[in-house]
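Novice: Sharing a structure, written as structure tokens. Questions coming.
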């Protein structure tokens, strides 16, 4: 009877099929899959929306959030699987010895197992010891069984993620192309003022710093701000213009030794950039060494500068609502296989694009970080 108890305890590792409680990586990945499904539905609905630009903007954001959640789920699954593997490796020698002992006991005739060299008292004591050990063995075997089941679930998750990822990356690319076309098709843009393209171009060419350009821009086109909301009241409550992580803070020296009066975000390739507050578009285009630049006027006396974009949207003088798209970051679409491999290594596709954000109040740079609700460091 005792021998059967010991053997049944050990072989629960492979013979039992109890329900496995979902781990956090599984929950995260399932949530990501649902987000991507919802984004695909939103993309189909956006084609029929009366405001296709707004609908497509929300769709792209939904795709970006879903893909980020999927990457996080895969990252956590990889870490968890490696932790379980290390646990098995650490216990491998002890489990091997235990199996050897149990196998020896299993091959020995039952009467001999009940005998002890010291006689009946020793036999009774050894039986009591084994009876005390059996529950502990059973508990450990149950824990190992659950970990083995968890590994099976985690590997199935990684395999199923491939299809969700492929569809998600294809969907977000389709949404980006549709957004660019929808913006190009607009004809009824609300404008607060008209700007002379030639003067703007001349100003950009003659400016040797971002400061000189911003000062010249204000004097060149003194726009009447029609936004009734007070930008000052938005301090500490705004969403970031793009999903990303903080690289450098206000007036912090970066890896290249440059100190700039703004903050820099690391973003993924082709990340959508939006205006965090209703604003008038004052400038868009290449400027100095900043790449494509978008300059917004969210309130009287304020200029919000977004630099480092690959594509920019809108017409100078256009009145933009909060969350309106102003451009895309650079880079190339991630390859699904590379995405999975990178996530399997514990990270996911790296954020190699940089979005520089500068905020000026009456010509003086102020810390833009104070206006955003959260900066992921």
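Novice: Quick check on my filter: what residues within region 254-269 are in contact with a helix residue (DSSP H, G or I) (Cβ under 9 Å, 6 or more places away or on another chain) and over 14 Å from residue 366 (Cα atoms)? Give the steps one after another, and end with the answer.
Specialist: Looking only at region 254-269, we keep the residues that are in contact with a helix residue (DSSP H, G or I) (Cβ under 9 Å, 6 or more places away or on another chain), and these are 260-263, 268.
Hit for region 254-269 is 268, nothing else.
Novice: Taking the criterion of being crowded, with 22+ Cβ neighbours inside 10 Å and either touching a strand residue (DSSP E or B) at 6+ places or on another chain (Cβ under 6 Å) or at pLDDT 85 or above (or both), would at least one residue in region 286-293 satisfy it?
Specialist: At the first step, the residues of region 286-293 found to be crowded, with 22+ Cβ neighbours inside 10 Å are 293.
This time we only want the ones that are either touching a strand residue (DSSP E or B) at 6+ places or on another chain (Cβ under 6 Å) or at pLDDT 85 or above (or both), so: 293.
Looking for residues that are crowded, with 22+ Cβ neighbours inside 10 Å and either touching a strand residue (DSSP E or B) at 6+ places or on another chain (Cβ under 6 Å) or at pLDDT 85 or above (or both), one finds at least one in region 286-293, hence yes.
Novice: Let me ask something else about it. Within region 354-377, restricting attention to residues that are modelled with pLDDT under 90 and touching a strand residue (DSSP E or B) at 6+ places or on another chain (Cβ under 7 Å), which residue is surrounded by the fewest Cβ atoms within 10 Å (Cβ to Cβ)?
Specialist: 377
Novice: All but one of (1) modelled with pLDDT of 85 or more; (2) over 30 Å from residue 196 (Cα atoms); (3) in contact with a helix residue (DSSP H, G or I) (Cβ under 9 Å, 6 or more places away or on another chain) hold for residue 328, so report the exception by its number.
Specialist: Unmet condition: (2).
Novice: From the list 195, 180, pick out the single residue that is modelled with pLDDT under 85 and either assigned to a helix (DSSP H, G or I) or surrounded by 13 or more Cβ atoms within 10 Å (Cβ to Cβ) (or both). Quick ask: steps written out before the conclusion?
Specialist: Working: 180 fails: modelled with pLDDT under 85.
Answer to the selection: 195.
Novice: Can I ask one more? So how many residues does region 46-64 have that are in contact with a helix residue (DSSP H, G or I) (Cβ under 6 Å, 6 or more places away or on another chain) and assigned to a helix (DSSP H, G or I)?
Specialist: Of all residues in region 46-64, those in contact with a helix residue (DSSP H, G or I) (Cβ under 6 Å, 6 or more places away or on another chain) come to 46, 49, 52-53, 55-56, 59-60, 62-63.
Now restrict to residues that are assigned to a helix (DSSP H, G or I): 46, 52-53, 55-56, 59-60, 62-63.
Summing the residues that are in contact with a helix residue (DSSP H, G or I) (Cβ under 6 Å, 6 or more places away or on another chain) and assigned to a helix (DSSP H, G or I) in region 46-64 gives 9.
Novice: If you scan region 234-271, which residues turn out to be without any contact (Cβ under 8 Å) to a residue 24 or more places away in the chain and outside any loop (DSSP other than H, G, I, E, B)?
Specialist: 248, 253, 259
The values are calculated or read from the model by the stated rules, or taken from the named source; none is laboratory data. Because the structure is a prediction, the values reported are computed rather than measured. Ideal geometry is used to build each Cβ from the backbone, glycine not excepted, and the neighbour counts take in all protein chains shown.
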